[in-house]
1. Can you give me the relative contact order of chain A as a percent, contacts being Cα pairs under 8 Å and 6 or more apart?
2. With a 1.4 Å probe and all protein chains left in place, how much of the accessible area of chain A comes from carbon and sulfur atoms, in whole percent?
3. Compute the long axis of helix A:513-535 from its Cα atoms, compare it with the longest principal axis of the Cα atoms of chain A, and write down the angle in degrees, 0 to 90, nearest 10.
4. Return one number: the angle in degrees, 0 to 90 and rounded to the nearest 10, between the long axis of the Cα atoms of helix A:538-558 and the longest principal axis of the Cα atoms of chain A.
5. Given a 1.4 Å probe, how much area per residue of chain A is accessible, in Å²?
6. For A:ILE167, what residues show an amide H to amide H distance below 5 Å, using hydrogens built from the backbone and excluding near sequence neighbours?
7. For A:VAL327, which sequence-distant residues (separation of 5 or more, or a different chain) have an amide H within less than 5 Å of its own amide H, given hydrogens modelled in the peptide plane?
8. Roughly how much of A:ASP266 is accessible, in Å² to the nearest 10, using a 1.4 Å probe?
Amino acid sequence: MRHKIQQMQIHNLLDTTAKEGILEIYQIEIPKIEFQETRKDFDGDITIVVFPLLKFIKGNPFEIATKLGEYLKENNTLVESFNVVKGFLNLVIADHYFVNSFNKIYHTHNYGFETPKQDEKSVMVEYSSPNTNKPLHLGHIRNNLLGYAVAEIIAASGKKVYKTQIINDRGIHICKSMLAWQKFGNGETPESTGLKGDKLVGNYYVKFDQEYKAQITALINNGKTEEEAKKQAPILLEAQKMLLQWEAGNEEVIALWKKMNQWVYDGFNQSYKELGVNFDTNYYESNTYLLGKDVVADGLSKGVFYKKEDGSVWIDLTEEGLDEKIVLRADGTAVYMTQDIGTAIQRIKDFPDIGGMVYTVGNEQDYHFKVLFLILKKLGFSWAENLYHLSYGMVDLPSGKMKSREGTVVDADDLMVEMTNTAREISQELGKLDGYSNEEKEKLYKTIGLGALKYYILKVDPKKRILFDPKESIDFNGNTGPFIQYTYARIQSIIRKADFDIENTIANYTLHPKEKDVIKQLQNFPFVVQNAAKNFSPALIANYTYELVKDYNSFYQTVPILGVHDKNQKIFRTQLSKKVSSVIKSAFSLLGIEVPNRM
RNA sequence: GGCCCCGUGGCGCAACUGAAUAGCGCAUCAGAUUUCGGCUCUGAGGGUUGCAGGUUUGAAUCCUGCCGGGGUCACCA
């Protein structure tokens, strides 16, 4: 199946003529003509699919296509010739159209990107959303890459975007780390140990768990049941006490909480910087966990929610095919849902220009977000129509599921280092890095290593699970980030060697088929960006870039560029190369991937 | 069990709103290259798109049922 063409320029230029043709030949008005790119194994540039017209015109498809082809050839100068295969009318478009189109593209800065429009509402994209008791792992990497890329893509499509994360900085899990540090930490700090703050705090979370388990075992040996032991372990009781103290605003506990959280944030920020992601604003659960209660009260009076005898508040979604869902506990305290309702509303208050939100959260929360969005709609918020759960599948390891308890977690920082090391090994064998300082080389290895990782994860449909083998799954050949980076670097090399003025505009030019292929691919870029934004899909950008690179490499292999005698050809081909490289760079920037000038 | 997601050559993936002979990479085999970076290019073999029905001029795509994998059905987050 070929790509349908939604708004391509040729389509617009032919649409009217085609409709007029049908009107003249058959006296029938057709609402829509369907265009698609011509398959490469047929002759032509654009194809009209005749089958849908059969609903309006009785007749045989071949005949209709032929008549329409004749009409188009006579009445539209763009159409040079045509051929008909079954119900497909393949049109050959004149070179001058593609040459003019390329010249426009060549001189368009930020080609494919829209500047934010005044009348478009902004979008808030939430991603990452870590817990402060554990370092970032492979799952967070997928989350971060997806969220960041989607935010960039939406921005490029012409909407203002706010990137945010909600940091889960409160609750019993935080108290566990704090308690363990108090008991066993001997005043250790990130400075004194040289550890990243998130790693240090994570270690104490693990320490708590070890101690907790030891105490359970001891209690069981003293005759308690397992259930009793789990509830009565002294260290757990202490942690619970600490949570109460935190909620009561105990100064000492709050001070410790602030100190340790700051360590974690410093550590996270370092990881984010390495990964190349950022946020415009942060939300903290400690500030938002009480929000939403007022909304629940309000919704109760409106009849959206109802109260059970014990005082808990629920919403009945059975009519929508879902269950009943609690939104406030009997004791009046908030649940996860309460908080998410409150946070969503708070965000709109904070940024009134927002018209929609994207939540980048794993697919185990599909149900939660379905319910959340439904509740917000029932509460009558207009923006609730524009909420999207960017749901993604789990990242599995060959050894099994990624669960921190099982000790099979791939740490985000370690993985990035590993990728950089792999890139270093390969580049030292093959690179053309004469004259690069060590610092420049290290930066390059990072660019390549992270490029491989990011591309590998982003090219896959977010819904699908990824099986990730850190040792073997990153390839540097085929459909990979480094392959595309290599093409970019090679083009830069050509531009460096071009010892003539490449900025002359070439107007009259006969295209080589490979040149035409590349131009057609370049023409698609703006529509791919729009489509990727509409579908929240970085994979569309990744796969487009690969297609472009393949077409370019085929061109590169088939015709000489700098070595060609004709001056116009030399200039045109260099310009074509240059624009391809700039589109690669733009597309990769949407994925958060950098491109090197050499590698 | 109810609901949700996934299932495409040996492996990893693509196919936007149903459209031509289901594309691509890895791996395998056979070739190309006096020259711009051989991490390139050209070609071959390899498929009943999990199974069975249905709708349609036309189905990987839509509908129904089943099979397999995962998730979820907490007054956890």
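The values are calculated or read from the model by the stated rules, or taken from the named source; none is laboratory data. Quantities reported herein were computed from a predicted structural model and do not represent experimental measurements. For accessibility, only protein heavy atoms count, side chains too; no ligands or nucleic acids. Shrake-Rupley method; radii C 1.70, N 1.55, O 1.52, S 1.80 Å.
1. Numbers: 904 pairs, mean separation 88.1, N = 599.
That works out to 15 percent.
2. The value for chain A is 49 percent carbon and sulfur by accessible area.
3. For A:513-535 against chain A, the angle is about 30 degrees.
4. Computed tilt is about 40 degrees.
5. Numbers: 29080 Å² over 599 residues.
Heavy-atom accessible area per residue stands at 49 Å².
6. A:TYR283, A:TYR284, A:GLU285
7. A:VAL313, A:TRP314, A:ILE315
8. Accessible area, nearest 10 Å²: 80 Å².
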